[in-house]
Amino acid sequence: MTNYEYIQVDQEESIGIIRLNRPKVLNALNRKMVSEIVQSMREMDRNDSVRVIVLYGNGKSFAAGADITEMAQDDSIHLELLNQFAEWDDLAHIKKPIIGAVHGFALGGGFELALVCDLLFASEDAKFGFPEINLAVMPGAGGTQRLTKLMGKTKALEWLWSGEMMTAETAEAWGIINRRYPQEILVEETLKYARNLANKPALSVRFIKEAVYKAVDYSLYEGMQYERKNFSLLFSSDDQKEGMKAFVEKRKPNFKGR
Ligand code: CAA
């Protein structure tokens, strides 16, 4: 696997692991780090031996936001020409499941990165929030959009305007995270879940992910057309033949991911 400056990348069996690695600044996301995250995810997406991607932070936190020191002197024209958030769009095109494990702070860009994950597990002490308002800016990498799609307009505005941090308990109650664990077992429980998901037929996992995201943006009618196409397509896979044959023969299926 490629070596990076600000992240560590590993593979354990069929799980690709990305660790944010600027612990001294609570994994504040500078631009190079974001590029590295995007590049590593793209590589894992193309690597047949990776089935699930797990993302978490080294040190005390997941990520305390975009690197404020890097952007303090920015001006609008520089930002427009830089078009830095275009890279973030690529994260939404990763086909494999991404599971985030959040401990400590997930703030600003760190919260936005967490919201890109398909599933989120968090430690009991995790804190989520968008403090950008206190810097006289606002989220720029999808925060206003993804939070609103999860919580609805009223609650999203309340959090985005206050800049306060929500607890893991609140995040779970609002469907922002899937599960809460004591911090000592967060990563192990996340990996356990990832290993189980990695053993499911990969094309079903992939097509279900695609269809669910269509539900977020499409009308019910359009989404159901999309779902139907994916459903039919799966009947071209070897795994569908194997899954149904194994059921009839009353044995465990042996899925190949094709
Ligand atoms: N950027 C740069 N450095 C950061 C940082 C950030 N977002 N967050 C923390 N750090 C640095 C601190 O400056 C500090 O560095 P030094 O040791 O060199 O002083 C180090 O990380 C440890 O942080 P603290 O000493 O502040 O730790 P704490 O436990 O007292 O406080 C905190 C933790 C509440 C998270 C606090 O660090 C904080 O408020 N950080 C900023 C959070 C923030 O505003 N994030 C949003 C950024 S804007 C954004 O993300 C825009 C976007 O949408 C893309």
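The values are calculated or read from the model by the stated rules, or taken from the named source; none is laboratory data. Please read these numbers as outputs of a predicted model, since none were measured by experiment. We place every Cβ from the backbone using ideal geometry, glycine too, and count neighbours over all the protein chains shown. These accessible areas exclude ligands, DNA and RNA; they are computed on the full protein's heavy atoms, side chains included. Shrake-Rupley method; radii C 1.70, N 1.55, O 1.52, S 1.80 Å.
Numbers at a glance
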item	result
Residue pairs meeting the criteria (Cβ under 7 Å; at least 6 apart or on separate chains; first closer than 11 Å to Ser14 by Cβ and touching a residue at least 60 places away in the same chain (Cβ under 8 Å), in the stretch 180-202; second in a helix (DSSP H, G or I) and of a type in the set (A, V, I, L, M))	Leu197/Val205
Filter result (part of a loop (DSSP other than H, G, I, E, B) and open to solvent by 10 Å² or more (accessible area, probe 1.4 Å)) within the stretch 118-130	Asp118, Glu124, Asp125
Selected residue [open to solvent by less than 20 Å² (accessible area, probe 1.4 Å), closer than 17 Å to Ala64 by Cβ and not acidic (Asp, Glu)] from Leu147, Leu113	Leu113
Total residues in the stretch 184-203, condition under 26 Å from Leu234 (Cα atoms), open to solvent by 40 Å² or more (accessible area, probe 1.4 Å) and outside any loop (DSSP other than H, G, I, E, B)	4
Qualifying residue in the stretch 79-88 (condition: at pLDDT below 95, under 26 Å from Phe121 (Cβ atoms) and assigned to a helix (DSSP H, G or I))	yes
Filtered residue count, the stretch 105-156, keeping only those that are among the aromatic types (Phe, Trp, Tyr) and more than 11 Å from the ligand (Cβ to nearest atom)	2
Failed item in (1) of a type in the set (A, V, I, L, M, F, W, C); (2) open to solvent by 20 Å² or more (accessible area, probe 1.4 Å); (3) within 18 Å of Val34 (Cβ to Cβ); (4) away from the ligand (no atom under 13 Å from the Cβ), with Ile77 passing the rest	(3)
Selected residue (criterion: farthest from Leu113 (Cα to Cα)) from residues of the stretch 1-52 that are open to solvent by 50 Å² or more (accessible area, probe 1.4 Å) and β-branched (Val, Ile, Thr)	Thr2
Residue list for the stretch 169-178, restricted to those being open to solvent by 70 Å² or more (accessible area, probe 1.4 Å) and either under 17 Å from Gly57 (Cα atoms) or part of a helix (DSSP H, G or I) (or both)	Glu169, Ala173
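Here is a yes/no grid of residues against (1) outside any helix (DSSP H, G or I); (2) among the basic types (Lys, Arg); (3) free of Cβ contacts under 8 Å to residues at least 12 places away in the same chain:
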| position | (1), (2), (3) |
| --- | --- |
| Lys229 | no, yes, yes |
| Leu234 | no, no, no |
| Met244 | no, no, yes |
| Arg251 | yes, yes, yes |
| Phe255 | yes, no, no |
